[in-house]
Amino acid sequence: MPTGKSAAAVTPRRIAVLSVHTSPLAQPGTGDAGGMNVYIWQTSLELAKRGIEVEIFTRATASADQPIVEAAPGIRVRNIVAGPFEGLDKTDLPAQLCAFAAGVQRAEAREEPGYFDLIHSHYWLSGQVGWLARDRWGVPLVHTAHTLAAVKNNALAIGDTAEPQARIIGEQQVSDEADRLIVNTEVEAGQLAAIHDVPQSRIDVVYPGADLNTYTPGDGTAARRELGIADDEIVLTFVGRIQPHKAPDLLLRAAAPLIHAHPERRIRVLVVGGPSGTGLERPDALIALARELGIEDSVTFGPPRPPAGLAEVYRASDVVVVPSYSESFGLVAVEAQACGTPVVAARVGGLPVAVADGVSGRLVDGHEPGSWTAVLDELTADPALRHRLSDGAAAHARQFSWARTADGLLESYAKAIDARRAATQTVRRRRRRAGVRV
């Protein structure tokens, strides 16, 4: 990261953060709210602590949404009216981008010229708006995709729906136009370069983090008491949106043979989250699956929880399972480990960075239930192994803080602003040489 006067000279005063399809104020774990919401909110808090004003533009989803919400010191959320308040999901939103872009432009036009120093867009829908605003405002655009359509389509879960061609085209356009592209891991950097032909010189790898003040090791017995879980149960937990892509069904299928074969272990499966995406088509599918597998008495379902409540879930758990078909990073894995809970995760995307195999948890190749059963069998049978991984989990998670993420963002912002200034100065020099008044 740039240091000294150079870095200070290019630190933005105020940035526009674009998050079209979901508000950072929404509860993660249901609908379209997930890790991206957490990422935007936590990085905004860190930037605001450093004196940078953050204005987050998102689509209003209720008539009661106030146009402007002073969400925290230095953070303002602008709810832009674009399309119906309810009944739209991500697949419907491209048709509302013009209305959203117009709302963003009107908000900026009410301010003094040069109000924003930089735009940071999240997800391809926001990138489309950011591209337009960048050209209108004359400021750099930094973009974070969070997920790539081509990657998701190459790892579709059974019953899931492929991402549309419109998204693939839109991601290519944003990749071509953004001044800088931020990715979560080196794996994602390689995917972005290969799929969208982006030079590595325009890509910055910035690891996401966890709120290490909230997600800490704690009293697991008290957490279990709060959740109604017996002290002698071995708890295997899934946290996240209930949809095929996140594969919560895989945990049930993998745990079922162990529950039947080893009743003495008293295995409890805990699923915390709400239906999302294609999971909305069959919101009771997991309940039906638990019944079909004959383990309904050993499975507990809970709603999404705010951070403090989620930390209690992690502390009450013996193992957190992250079986996603693709994952650009996996915030749940880091949060759980920060609470001292080992994680069993799919060896996909950024999860090999989030989880240290054999140190803070275990990585599993593929999504065949038998492979997962074997790993869970080993862990549920060996308390000493779980204890060792628990110590490793807490230590591993400490390297992932939102403060370090903010450091990386500021470094990327500095590069974008420097490049924009250099380009502007080059244009001015050319005009002067051509005799054009500037």
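If you build a Gaussian network model of the chain, linking Cα atoms that sit under 10 Å apart, which residue out of Pro199, Pro342, Pro352 swings the most?
Of Pro199, Pro342, Pro352, the Gaussian network model singles out Pro199 as fluctuating most.
For the chain, set up a GNM with springs between Cα atoms under 10 Å and report which of Val322, Val20, Val272 has the largest fluctuation.
Ranking Val322, Val20, Val272 by mean-square fluctuation puts Val272 first.
Go ahead and set up a Gaussian network model of the chain, Cα springs under 10 Å, then flag whichever of Val353, Val343, Val269 fluctuates most.
Val353
Pop out the ³J(HN,Hα) list for segment 147-154 in order, Karplus 6.51 cos²θ - 1.76 cosθ + 1.60 with θ = phi - 60°, rounded to Hz; leave Gly and Pro as x.
Taking θ as phi minus 60°, the curve returns 9, 10, 4, 4, 5, 5, 5, 7 Hz for segment 147-154.
Report ³J(HN,Hα) in whole Hz for each residue of segment 323-338, in order, from the Karplus equation J = 6.51 cos²θ - 1.76 cosθ + 1.60 where θ = phi - 60°; Gly and Pro get x.
Rounded to whole hertz, the list is x, 3, 6, 8, 7, 5, 8, x, 4, 4, 4, 6, 4, 4, 5, 4.
List the extent of the Cα atoms of segment 1-110 along each of their three principal axes, largest first, rounded to whole Å.
49, 34, 23
Mind giving me the FRET efficiency for Ala102 and Leu25? R0 is 22 Å, r the Cβ-Cβ distance, nearest 0.05 is fine. Don't skip to the answer; put the middle values down first.
Numbers: r = 22 Å, r/R0 = 1.02.
My answer for the efficiency is 0.45.
If I fit a long axis through the Cα atoms of helix 186-196 and take the longest principal axis of the Cα atoms of the chain, what angle between them do I get, 0 to 90°, rounded to 10?
The angle comes out near 60 degrees.
Nearest 5 is fine: what % of DSSP beta bridges in the chain come out antiparallel, could you say? Mind dumping the intermediate values first?
Numbers: 5 of 53 bridges.
So the antiparallel bridges amount to about 10 percent of the total.
Hey, if you put +1 on the Cβ of every Lys and Arg and -1 on every Asp and Glu Cβ in the chain, which of Ser360, Ala374, Ile195 ends up farthest toward the positive end of that dipole?
So the residue furthest toward the plus end is Ile195.
Amide H neighbours of Leu25 under 5 Å, counting only residues 5+ apart in sequence or on other chains, H built in-plane at 1.01 Å?
none
For the cross-link pairs Lys49/Lys415; Lys90/Lys415; Lys49/Lys152; Lys90/Lys152, which exceed 23 Å when the distance is taken from alpha carbon to alpha carbon?
On the way: Lys49/Lys415 21 Å; Lys90/Lys415 31 Å; Lys49/Lys152 35 Å; Lys90/Lys152 15 Å.
Over 23 Å apart, Cα to Cα: Lys90/Lys415; Lys49/Lys152.
Give the angle, between 0 and 90 degrees and rounded to the nearest 10, that separates the Cα long axis of helix 383-397 from the longest principal axis of the Cα atoms of the chain.
Roughly 10 degrees between the two axes.
Roughly how big is segment 220-397's charge dipole about its Cα centre, with Cβ charges of +1 (Lys, Arg) and -1 (Asp, Glu), in debye to the nearest 20?
With Lys and Arg at +1 and Asp and Glu at -1, about 280 debye.
Just to confirm a number: summing +1 for Lys and Arg and -1 for Asp and Glu over residues other than Glu368 whose beta-carbon lies under 14 angstrom from that of Glu368, what do you get? Present the calculation step by step, with values, prior to reporting the outcome.
Working: positive: Arg253, Arg347; negative: Asp249, Asp365.
Once positives and negatives cancel, what remains is 0.
Please give the net charge around Pro306, taking every other residue with its beta carbon less than 12 angstrom from that of Pro306, where Lys and Arg add +1 and Asp and Glu add -1.
Values: positive: Arg305; negative: Asp211, Glu312.
Around Pro306, the surrounding residues sum to -1.
What full-extension length gain, to one decimal in nm, is calculated for Ile169 and Ala230 as 0.36 nm per residue of separation minus the Cα-Cα distance? Don't skip to the answer; put the middle values down first.
Values: separation 61, 0.36 × 61 = 21.96 nm, distance 5.08 nm.
The span from Ile169 to Ala230 would gain 16.9 nm if fully extended.
So what are segment 220-397's ellipsoid semi-axes, whole angstrom, largest first, if each one is the square root of 5 times an eigenvalue of the alpha-carbon gyration tensor?
Values: eigenvalues 85, 70, 57 Å².
In descending order the semi-axes read 21, 19, 17 Å.
Add -39500 (n - 2.57) for each DSSP H run of 4 or more in the chain, then divide by its residues: what number comes out at 222 nm, to the nearest 500 deg cm²/dmol?
On the way: 16 runs with 191 residues, N = 438.
Helices in the chain give a 222 nm mean residue ellipticity of -13500 deg cm²/dmol.
Would you kindly calculate the translational diffusion coefficient of segment 231-329, applying Stokes-Einstein with the Kirkwood radius from alpha carbon pairs, for 10 °C and a viscosity of 1.306 mPa s, and quote it in µm² s⁻¹ without decimals? Intermediate values should be presented prior to the final figure.
On the way: Rh = 13.8 Å.
Estimated diffusion coefficient is 115 µm²/s.
Take Glu70 and Thr161, extend 7 Å from each Cα along the Cα→Cβ direction, and tell me the distance between the two endpoints in nm.
Going from the Glu70 label point to the Thr161 one covers 4.2 nm.
Binning at 20 Å from 0, report for the chain what percent of all alpha-carbon pair distances ends up in each bin.
Cα pair-distance distribution for the chain, in percent: 25, 55, 18, 2, 0.
Amide H of Gly361 versus every other amide H placed in the peptide plane: which residues, excluding those fewer than 5 positions away on the same chain, fall under 5 Å?
When sequence neighbours closer than 5 places are left aside, the close amide H contacts are Val343, Ala356.
May I ask you to evaluate 6.51 cos²θ - 1.76 cosθ + 1.60, the Karplus curve with θ = phi - 60°, for each residue of segment 344-355 and list the ³J(HN,Hα) values in order in whole Hz, giving x for glycine and proline?
9, 9, 5, 7, 9, x, x, 4, x, 8, 5, 10
With axes computed from alpha carbons, what is the tilt in degrees of helix 123-137 against the longest principal axis of the chain, rounded to the nearest 10 within 0 to 90?
20 degrees
Amide H of Ile80 versus every other amide H placed in the peptide plane: which residues, excluding those fewer than 5 positions away on the same chain, fall under 5 Å?
Thr58, Arg59, Ala60
No lab work stands behind these numbers, since they all come straight from the coordinates. Treat the numbers as computed from the prediction; the structure is a model and nothing was measured. Backbone-built Cβ (ideal geometry, glycine too); neighbour counts: all protein chains shown.
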